[in-house]
Structures are given as C-alpha cells and as structure tokens.
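Notes for the one structure printed next.
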Protein chains: 2
Amino acid sequence: MLIMDLHIDNILKDLEKDDIQAYLLTQFTNVEYISNYKPTSFAFCIIKENPIIYASKMDMEIANKNSKIEVREFESFDVMLGELKNDGIKNLAIEPSLPYSTYEKFKDDFTISSKNYVDKQRMIKTPSEISNIEKATEIAQNAFVSLDILNRNDCENTVAFDLVKAMIENGASKESFDTIVTSGANSSLPHAVPQNKQLERPILIDWGAIYNGYCSDNTRTMVYSEFQHEIWDIVAEAHDKAIKSIKPGIKCCEVDKVARDIIEDYGYCDKFIHSTGHSLGLDIHETPGFSIRDETIIEKGMVITVEPGIYLEGEFGVRLEDTVSIDKQANIIGNLPLMIDE
Amino acid sequence: MLIMDLHIDNILKDLEKDDIQAYLLTQFTNVEYISNYKPTSFAFCIIKENPIIYASKMDMEIANKNSKIEVREFESFDVMLGELKNDGIKNLAIEPSLPYSTYEKFKDDFTISSKNYVDKQRMIKTPSEISNIEKATEIAQNAFVSLDILNRNDCENTVAFDLVKAMIENGASKESFDTIVTSGANSSLPHAVPQNKQLERPILIDWGAIYNGYCSDNTRTMVYSEFQHEIWDIVAEAHDKAIKSIKPGIKCCEVDKVARDIIEDYGYCDKFIHSTGHSLGLDIHETPGFSIRDETIIEKGMVITVEPGIYLEGEFGVRLEDTVSIDKQANIIGNLPLMIDE
C-alpha cells in the first residue's frame, strides 16, 4: 500500500512540475504498477488528485478486488471525457505507447503531451521487485538444470515445452516470453522459433519465468566443435567484461561499447546484430537498455540483461545472457554457470 | 504469391481512392499478412508503388528469406524519412494501432491520416485462411477430447498445461492465447488465470491453437448441479439462436442482440458482461465483432466467434463458444459437442 501511494505521489509531483493536470495510462503493466490491478481487457487509468480507473465491465470483479485506487465501470468515451472535463481537466499527459486511435479520442478535448513518467519510475526497482526477479530467475534456472539437456536426444520444440513445464512446476505462473530452443544453423536467428526437429549442435536456449508478475531472462549456448568454442570464448569475454564495467554514474551506451569493442577486436562486429541488453521487470523489455544510442545514466536499483552474441548466417550463433541488478556494482542474479557441459 | 500481390493491390487502390501516397504498417500480423515475413523485433512496412520493409538488423536473415517484398535494413529514422521524402511522399496513412511515439516521428514531415485498410481486408478470409483456422480448431478440439477432463482430479494449471502440450503434440505451433482453465467460483471471471488448486465444479475451459499462423478459439463449461444446468441451458440457447441468426447482409450488432435478448428474457442481462463474439485470424481478436455497437454488415468469408456467457459473482460462470465461418449462413468450425458429460 505504501509503495503504491509512493508511485502515485511521484507521478503527481512530475505532473505538478510540468504543469499538467492528469496522466492517462492504458498499458496493462503500467496500470498494474500503479494500482495492483492488471487489466485483462482494456482500462483507462487517470492519475490526478483523485486517481481513478475506468475498467471494462468484464474486469469489474477482479478490479474491485485488486485495485488500490477507485474503479468505475467504463460506459463510453463520451461519459469518461465528460467526467474528466467536469473535473476541470484541460491538459492531459499520455504514455508514448498509447495507440493513435485512443489518442484521437482525447485530442480534441485536451491539450496532449507524451510523457514517460511511469516508465522512468519503473527503471528503478524496489527491493521487493528485485526479490521477485531473483525468485523468477531461480525458478527458471532450476528448471533448466533439471532438464539435463545435453543427455537428451529430443526435438527442439519438445525441449522448449518441457522447460516451460518444469518452470511452472517450480512455481512460475508462466514463461516470460516464447521460449527459444534452437540448434545447428538455426541458432544464427536471434529470435528463432523451436522446430519439430532433432537437436543439432550447438544448442542455444533463451528462456525465462514469471513469478509474482516479474520476469527473468537468461541465455546459454552449448557448443561442441573447436570453432564453436572459439566463438563462445569471445562472447563470454564480452559478457564478463561488460558486466564488470557496470556501475552507477556511467552511461548505458558505455556498457554496450565494452561488449561491442571486444567482439569487434576479434573481427565479428557486424555479426553482433542487436543491443547488449534490456531492462526487465513486469515486462520482459523495459528501459533503459545497453545499446549504442541509450545515454541513460546507470543508477542503483536498475535490473538489466547483458546478452552479447555472434551470429554466423548458415553456420550457427552463440549468445550468453545474464540479468544483473545494480548496486555499487552489477550483481549477477542467479548462479547458473556460463559454460554448460557434460 | 498471387494472394500477396492481391493484398497489396487492394491497398494501392484504397490509397489512390483516398489520394494518399503511402501506408505505414508496423503491427506484426499486418506486416505478415502483406509480406509473409512476421517481424520478431520492430519493422516499418511502407506500402506504395514500390513497397518496402525497413527491418531490424537482427531480423534481416528471416526477412530476406520470407518476405515477398523488398527488405532494407533499418538504420535510423532520419535515413528512412529521408528516403521516403526523396520518393516524393508527402502524405502518409498510418494504422489506428500505431503507438503515439512512432506517430510523433512522422508527424512533422508528412500529412498523416489514420486508416484501417489492412484490418478491413483481413475481415474477409480466403479459402486457404479458413482452412488454416479449421485445422487449428481440429487440433485444439482433438487435444481437448484426448485429455478426458471429467475423469481427472488435477489442478487447474496442470490441466491447462496438459491441454497446451496436447495441442502442440497434435501439430499446433503454440496456444492462440493464455489457456483458461477455471473452476468453481473463479469461473465467474471471464479471463480467469488457472490456479494451482484442485478442479472444482463447474469447470470452464477457453482454449485455442495456432496452426500455420492462424488461431482457433472455443469454450466449453461442464456443469453439475441443477442450477448450473439451468444457467447452461440459457447460454446454450443464446449460443444456438445467435448462430442461426447469422447471415450476410445483416449487421453484427443484430447477432449480439439475439444472444443478449435471450439472456435478458431469463433475467440475466446484467450478468452477460462482454460482447457476443470477435473475429479471429492471424490475431486472436480481430474486427468485426458481435457487439452492441458494431454496425458492420456481415459478409461471406468472415470468421467470427459466438460466445455468450452468464457470470454470477461468488457462485460460478458459464460460457459456450464456437467459431463460425460465414457463407450463405454460419457454419460452425469443428465438431465438438456443446454439452460435455461423462
């Protein structure tokens, strides 16, 4: 309850500073972050002096049960806009992610500005949020170990399926994203879909659990040939040195540069085709991220993945990923070894 | 290939009619519908005389492999906007679902209008799309039957899990939405999350498979007490009569009214807390829907669910759902009986 009020208080301060009267939230995890009620259908959460959520009729039972702030049933845009205008609201902030069609409903009646107040607040995790992410990671890593993947001769999609099952049996509510189990040449696709085909070598697994709403995210690649080991060593060096470089006060892009420079030194810069990492929490992808262009200053309480990779089209790919929570330095969450071997 | 060109040709005709030079697509299933490439990261698909997709670096391998139209690697908004301007583009249509922050990147350089050209085209399914939905339904219904749910004494989340597994073993790529297995009082929540608790009575299951990108959707409720049977009969009557009422030429809201009037006649109108149905295809929720406000005229080739329900808070809920494809009348897809008993 205290935390919820703090979240709203912080936004009210942001609104006052920017001379804005109200803030409209529709993204499910933002509404959950503020109210503890996660919509299953649409919802309009308005942060103002007396915050309110307009929920779908079909969500009223769950919203009344979970929400820390007042909930009213959504009847129509006309009714909702009328109530906001009666409240004296003339200018309204929206989330950057708001669909254009929803923006259109509000734009004629209010002065609109796009603000990322909630995203900004969600960057810094509370101790209880971090402990949920730690628990999600523990569940996911234990499930991975229990599968004993190197001693199986299954299809990619069977292994993916069994991994999800093991996570749920270990206490996860579900997977935090579509589990990637890919092998052989397919592993050069960063977002490969598990196929109904026997595991080849190498095997790349990218997986995570959700615990109490919070996500985990890890990747391991199990390599075999000498050349695969060579590439693995480069990615591991980028992974380790990027993590060691993380500390409050430096920019996110500086961490990306540490990983990218190492991979470049070995001649594979154009084979590292994504960012070095992303924040996670209630969503699997949050801001900030360790990317070339992200100049966000790293702060204590951020939880970000580090996942360099090298992708050789037609041959194979290697990616290694851990999630770190940032205090005076970066602490790796979980304790799964980077090298998985027999 | 022919179909893909037809899809693009239809949009080019829409653009010409509205005197618009280009149409920006970013919704993954819209990009897939047009190009056969489904993004795994962001992508900007521009339909114009020479259509083009700007894809993320990490998607280039898969985009080049699958796309029917030219793919270029996205470098930056500046580069992309510059190329569009060099092409002489001055006015641009966007999807209603486009995030506000993306709209902001385009709004200063182009005259923007929001258009649902692709959504409109996706309303009418081709025979091959319908056959994918039929196959997805067959997989999902066979999986349901194979579970023999009434003779199990498992937890809700175990049953949900086994149902997904059976769908994948039957050829689904994945579930088409988070499988709902809910029982006892929880069944009064339309979007209940399966719990780690023994099945109570009644049992409500809402599930679907994805086959070749296309979704299926069904709900069955297994009732026990006399009162539960009484409610089930009302919902079944609404389900059957709504389906019988469907034909090309009438409005979607008329079908909703058939179901709603029956439930109202029995005194449960305020307990039917959602629409009567939604279209499905590449997405689980598409337009049009059988809702109070949807005045879309029903046409041959539409595929829409019919899913009336009665939800008694604190007691239980009953929902019955089939998906129909519309020809001269509505044909129920699949052959699973509505009443599931021992």
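The values are calculated or read from the model by the stated rules, or taken from the named source; none is laboratory data. Here the structure is a predicted model, which means the values were calculated and not measured. Glycine gets a Cβ as well: all are built from the backbone with ideal geometry, and neighbour counts include every protein chain shown.
When you go through (1) farther than 16 Å from B:Pro337 by Cα; (2) surrounded by fewer than 20 Cβ atoms within 10 Å (Cβ to Cβ); (3) under 25 Å from the mean Cα position of the chain (by Cα) one by one for B:Glu200, which number turns out not to apply?
It is condition (3) that B:Glu200 fails.
So which of B:Ala185, B:Ala192 is among the aliphatic types (A, V, I, L, M), out of contact with any Ser or Thr (no Cβ under 8 Å at 6 or more places or on another chain) and either surrounded by fewer than 20 Cβ atoms within 10 Å (Cβ to Cβ) or at the interface with chain A (Cβ under 9 Å from one of its Cβ atoms) (or both)?
Answer to the selection: B:Ala185.
Report, by residue number, each residue of the stretch A:77-123 that is among the small types (Gly, Ala, Ser) and more than 31 Å from the chain's Cα centre (by Cα).
Within the stretch A:77-123, A:Gly82, A:Gly88 qualify.
Going by the conditions given, is A:Lys257 in a loop (DSSP other than H, G, I, E, B) and surrounded by fewer than 18 Cβ atoms within 10 Å (Cβ to Cβ)?
no
Select from the stretch B:179-198 the residues that are modelled with pLDDT of 95 or more and either charged (D, E, K, R) or part of a loop (DSSP other than H, G, I, E, B) (or both) and list them in ascending order.
Passing the criteria: only B:Thr179.
Out of the stretch A:23-63, which residues are small (Gly, Ala, Ser) and either farther than 27 Å from B:Phe272 by Cα or touching a Phe, Trp or Tyr at 6+ places or on another chain (Cβ under 9 Å) (or both)?
If the condition is that a residue be small (Gly, Ala, Ser) and either farther than 27 Å from B:Phe272 by Cα or touching a Phe, Trp or Tyr at 6+ places or on another chain (Cβ under 9 Å) (or both), then A:Ala43, A:Ala55, A:Ser56, A:Ala63 are the ones that fit.
Among (1) within 14 Å of chain B (Cβ to nearest Cβ); (2) under 23 Å from B:Met60 (Cα atoms); (3) small (Gly, Ala, Ser), there is one condition A:Gly213 misses while meeting the rest; what is its number?
Of (1) within 14 Å of chain B (Cβ to nearest Cβ); (2) under 23 Å from B:Met60 (Cα atoms); (3) small (Gly, Ala, Ser), only one is false for A:Gly213: (2).
Which of the following residues is at positive phi and in the same structural domain as A:Val145 (by TED's automatic domain parsing): A:Gly267, A:Gly289?
That would be A:Gly267, the only listed residue that is at positive phi and in the same structural domain as A:Val145 (by TED's automatic domain parsing).
Do you know which of the residues in the stretch B:33-91 that are among the hydroxyl-bearing types (Ser, Thr, Tyr) and in contact with a helix residue (DSSP H, G or I) (Cβ under 8 Å, 6 or more places away or on another chain) is farthest from the other protein chains (Cβ to nearest Cβ)?
B:Tyr33
Somewhere in the stretch A:139-157, is a residue surrounded by fewer than 18 Cβ atoms within 10 Å (Cβ to Cβ), among the charged types (D, E, K, R), part of a helix (DSSP H, G or I) and more than 19 Å from the chain's Cα centre (by Cα)?
no
Could you please give the count of residues in the stretch B:313-337 that are part of a loop (DSSP other than H, G, I, E, B) and either within 14 Å of chain A (Cβ to nearest Cβ) or closer than 19 Å to B:His191 by Cβ (or both)?
Qualifying residue count for the region: 4.
Considering only the stretch A:129-159, how many residues are in contact with a helix residue (DSSP H, G or I) (Cβ under 9 Å, 6 or more places away or on another chain), closer than 24 Å to A:Ile332 by Cβ and of a type in the set (S, T, N, Q)?
2
Quick one: in the stretch A:316-342, which of the residues that are charged (D, E, K, R) and surrounded by fewer than 16 Cβ atoms within 10 Å (Cβ to Cβ) is nearest to B:Glu61 (Cα to Cα)?
Looking at the filtered set, the residue picked out is A:Asp341.
So for the stretch B:203-225 (the condition being in a helix (DSSP H, G or I) and over 26 Å from the mean Cα position of the chain (by Cα)), does at least one residue qualify?
Within the stretch B:203-225, not a single residue is in a helix (DSSP H, G or I) and over 26 Å from the mean Cα position of the chain (by Cα).
Do we have any residue at all in the stretch B:12-35 that's surrounded by fewer than 17 Cβ atoms within 10 Å (Cβ to Cβ), under 24 Å from the mean Cα position of the chain (by Cα) and not hydroxyl-bearing (Ser, Thr, Tyr)?
no
I need the full set of residues from the stretch B:95-115 which are surrounded by 15 or more Cβ atoms within 10 Å (Cβ to Cβ) and facing chain A (nearest Cβ under 9 Å), in order please.
Across the stretch B:95-115, the qualifying residues are B:Glu95, B:Pro96, B:Ser97, B:Leu98, B:Pro99, B:Tyr100, B:Thr102, B:Tyr103, B:Ile112, B:Ser114.
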